[in-house]
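The values are calculated or read from the model by the stated rules, or taken from the named source; none is laboratory data. Just so it is clear, the model here is predicted, and its values are computed rather than measured. Positions of Cβ are backbone-derived with ideal geometry, glycine not excepted, and every protein chain shown enters the neighbour counts. Ligands, DNA and RNA are stripped out before the accessible areas are found, and what is left, the full protein with its side chains, is counted by its heavy atoms. Shrake-Rupley method; radii C 1.70, N 1.55, O 1.52, S 1.80 Å.
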Amino acid sequence: MSRYVDVLPNPGRALSQLFTYHVPEPLQSALRVGAQVLVPFGPRTVVGVVARLRDDSERQNLKDVEAVLEDVPVLPDEAFPLARWMADRYLCQLGDALRAFLPEGMNYRAGRAFHLTAQPIPDSIRADLDAGPVVNHLESAGSEVRLPALRRLLPGKRLTRALRLLKSRNLIAERATLRPPRARKHQVRLVELAVTPQEVASYCLERAAKAPAQAACLRAAADGPPAPAVDLARRAGVSTSTVQALLKKGLLRARWTPVRRKPWRDVAVEAGPPPKLTPEQRSAVAEITAALDAPRSTSFLLFGVTASGKTEVFLRSIERVLDRGRQAIVLMPEISLTAQALGIYRARFGDRVAILHSRLSVGERWDEWQRIRTGESGVIVGARSALFAPTRALGLIVVDEEHETSYKQDQAPRYRARDAALKRGELVQCPVVLASATPSLESFYAAERGRHRLLRLPTRVEERPLPRVRIVDMRGAASRPGILSTPLRQAIAGRLRSGEQIILFHNRRGFATFLLCPTCGHALRCPNCGVALKYHRQRRQVRCHHCDLTRPAPDICSRCGSHQIRFSGFGTERVERELQRIFPQARPGRMDQDTTARKGAHVRIVHQFRTAETNILIGTQMVAKGFDFPGVTLVGVISADTSLNLPDFRAAERTFQLLTQVSGRSGRGEKEGDVVVQTFCPDDYSIQAASHHDYEAFYRREIETRQELNYPPFSQIVNLVSSAERESDASRFATSLADALRRRAEGAPVEILGPAPAPLAKLRRRYRWHVLARGEEGEVVPVVRDVVAGFGHIEPGALVVDVDPVSLM
């Protein structure tokens, strides 16, 4: 048993330093790495996480651990090594990295509470602009007040000054508080028989004529399991008052019992016999299975065309994992995909499947974590946060659609789940499978050089053909071409006549992409971000898709008073309206960020399309990945150029991936599929390669460009974004950063680009400038780390350091 521990106080805060504490003898047997403890930290008591156990310490007079907190997640053994790796690679604090393992609402929170002492309050204190309001609030409360309530009175610095002043005069006293996790066990009140079946039979015989409802209720209770009063009443065909009457008589009794919440209760499960594997699938499963018992971690890149059966490879491999008493994590790029995936995995593995993503309630997440932690759940399916599930015996990690940019976290810690998965696999010595029909250039390049073992699935299952792709050149259209070209209209009409299903892909939501006054040329822009406001017709609103500013749509121009407002450009909402106008017999559904905002909405939309309640699905990139709809025989790409023209070195790769992935939704059933791609750039190599489903042709062309320009995978990039309320401050700080980086990088294989205004030059009222550091892997991050550390304290929000960015916007 260890007598000392190193603790990270305030996990989830921007701290990296560990502090050593003495462990009192009664607590020594309860401590382990990853446990949460209560420790003194400065003048306060805080929650901390145990990072290391020690038998001795060179320091004297160490403070004691006050308590070991129970009923909260204990972190897996690899949590701290992985968090340290994330902090080092992505240049964040250890506390930020550890936050990924500590979901909100599942941990104790230490706090502070204040009350007035018996000392009289001087008039000078009451007149103080800061201390006066605090005193008045404490007096009116009549009891102690928690710090969050005081924060509503005054901004941070003024409140800090007020509390310091009042404590120095001994006018207030402070007490440490401990708030339990918001997540709780879910308990339901179950009603069951309180007498023997013989007594039930006797009672029913005597009372059936006078109290038929009570007799029916007792029979129902005897014939079925304990149930809530409402459910028992429904089962018996009686009212709940009948149940209450029997409870009062003592013939029924009620008890509270914990019940697990089921976030997957609305997911359709279609069980069936496993399909026969193709030779390529059998080979892939065999290689992954062999790696399960290897002494070190092995990573695979499963490169298979769309509908080649990659999911079945996962399922068979996971069967082998469960046979060995281990657990598997399966990452999906979108929450919208988890419903379909959950149905597939539950059909094979039943209740051993857990789900984790950000749309779960605190209670649902708590229950799923408990099932994972105890080993009750052996298969964890979810979005990128599922990577940090508290597994007991991790045996396999799968990163499906590994190329997706949604695996990149957009706030600290700015990790990429693909790379973090590879590191966790290395730490626990389990295989990691990266899978995609369109692998990222970095992953395929790594596989070519032997870092990953390349597994190929070159054909669709059951020898189904890949869909035929037709490119429609929109350059010859009118000055304002319609949304749907003639070839696409004809293809839609034919599929509707045949009773088949259609997916229409357009990667912009809303009705119009900007509002323009043709009289004076004024375009409505977001005052916070400087970008055009998007028009949402259903709610008659204009909205900023960056800061979510929302306003009523104007009827007149705010500059010249003209009533001739023009709605220009179009999004998915406009596509839906146009479709209804041209094909009134169609039953369209729409899947984008607007229609899936509510919990469970994506499950409903997918179910409606799968059951043919809707026959056309219009959507953004949500519909482009992973879905398996056997009835879809046509995919229409409204504009292939949306991502192609972005100011980003990954634009061509992103375009190829989107087109290939959305094309792959067509022809997955018995009938062959077609794809119609509308574009103003028909000769672009990314569009041409996608039309021929030729990943390797695209890869060869793009990898040459990347090597020539020294972009990843031939270099590593760090994007440093300076932001401030005044543009001059943002540019000045960016210039200082660039100068310091150039001095530090002198003689190193690191290139500094910029400073320059960021492509998105203003965001949430802050102007943005950026600097790029580019160079050899392992050389860039130390340069940036030293320079940022040299600036000392930087105002929160003034600098974002993004290592391995997926976008330079």
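As a ratio to 2.2 N^0.38 Å, the alpha-carbon radius of gyration for the range 448-606 is 1.36. Can you give the net charge of the other residues whose Cβ lies under 10 Å from the Cβ of Leu277, counting K and R as +1 and D and E as -1? Charge balance in the 10 Å sphere: +1. Note: relative contact order over the chain, using C-alpha pairs below 8 Å and six or more positions apart, is 9 percent. Loop-located GluC sites (Glu not before Pro) across the range 686-755 with a Cβ neighbour count of 13 or fewer within 10 Å are Glu725, Glu746, with loop assigned by DSSP.
With pairing defined as another cysteine C-beta under 4.7 Å, the cysteines of the chain that fail it are Cys92, Cys204, Cys217, Cys430, Cys547, Cys681.
Rounded to the nearest 20 debye, the dipole size of the chain about its Cα centre is 2700 debye, using +1 on the Cβ of Lys and Arg and -1 on the Cβ of Asp and Glu.
Under 5 Å between amide hydrogens, built in the peptide plane, is the criterion, and for Ile618 it picks out Leu504, Gly589, Arg590, Met591 among residues at least 5 positions away or on other chains. Once Lys and Arg get +1 and Asp and Glu get -1 on their Cβ, which of Leu165, Ser143, Val238 lies farthest toward the positive end of the dipole of the range 137-248? In the range 137-248, that residue is Leu165. For the chain, the residue among Phe567, Tyr445, Ala690 whose Cα projects farthest onto the positive side of the dipole built from Cβ charges is Phe567. Charge dipole (Cα centre; +1 on Lys/Arg Cβ, -1 on Asp/Glu Cβ; no other charges) of the range 268-358 amounts to roughly 180 debye. Accessible area of Asp130 (1.4 Å probe, protein heavy atoms only, ligands and nucleic acids ignored): about 20 Å². Counting only Cα atoms, the range 243-337 measures 67, 33, 27 Å along its principal axes, largest extent leading. Relative contact order for the range 158-288: 29 percent, from Cα pairs under 8 Å spaced at least 6 residues apart, divided by residue count.
Backbone phi angles across the range 402-414, fed through the Karplus curve with coefficients 6.51, -1.76 and 1.60 (θ = phi - 60°), yield HN-Hα couplings of 4, 6, 5, 6, 5, 6, 9, 6, 9, 9, 4, x, 7 Hz in residue order; Gly and Pro are listed as x.
Taking only the Cα atoms of the range 300-425, the radius of gyration and Dmax are 13.7, 39 Å. Here the chain has 48 percent of its accessible surface on carbon and sulfur atoms, given a 1.4 Å probe and all protein chains in place. Amide H contacts of Val637 (H built 1.01 Å from N, in plane; Pro and chain starts excluded): Phe505, Val676, Val677, Gln678 sit under 5 Å, all sequence-distant by 5 or more or on other chains. With the largest listed first and rounded to whole Å, the semi-axes of the equivalent ellipsoid of the chain from the Cα gyration tensor are 45, 41, 32. Computed over neighbours whose Cβ is under 15 Å from that of Ala437, the net charge equals -2, Lys and Arg +1, Asp and Glu -1.
Dividing the summed -39500 (n - 2.57) terms of all DSSP H runs of n ≥ 4 by the residue count of the chain sets its mean residue ellipticity at 222 nm at -10000 deg cm²/dmol.
Close amide H pairs (under 5 Å, H built 1.01 Å from N) link Gly111 with Thr177, Leu178, Arg179, residues at least 5 positions away or on another chain.
Summing Lys and Arg as +1 and Asp and Glu as -1 over all other residues whose Cβ lies under 13 Å from the Cβ of Tyr345 gives a net charge of -1. Beta bridges from DSSP with both residues in the range 511-631: antiparallel share about 75 percent, rounded to the nearest 5. For Arg260 and Glu462, the difference between the fully extended length at 0.36 nm per residue and the C-alpha to C-alpha distance is 68.7 nm.
What you get for the range 83-183, charging only the Cβ of Lys and Arg (+1) and of Asp and Glu (-1), is a dipole of about 220 debye around the Cα centre. Measuring against 26 Å, Cα to Cα, the residue pairs Lys625/Lys671; Lys262/Lys671; Lys157/Lys534; Lys534/Lys599 contain Lys262/Lys671; Lys157/Lys534 as the ones spanning a longer distance.
Each residue of the range 283-294 was assigned a 3J(HN,Hα) from its phi angle through the Karplus curve 6.51 cos²θ - 1.76 cosθ + 1.60 (θ = phi - 60°); the sequence is 5, 5, 4, 4, 5, 5, 4, 4, 6, 4, 9, 6 Hz, with glycine and proline shown as x.
When the chain is described by a simple charge dipole with +1 on each Lys and Arg Cβ and -1 on each Asp and Glu Cβ, the residue from Gly476, Ser361, Ala208 located farthest towards its positive end is Ala208. Our coupling estimate for the range 199-206, obtained by passing each phi through the Karplus curve with A = 6.51, B = -1.76, C = 1.60 and θ = phi - 60°, is 5, 4, 4, 5, 4, 5, 5, 7 Hz, Gly and Pro reported as x.
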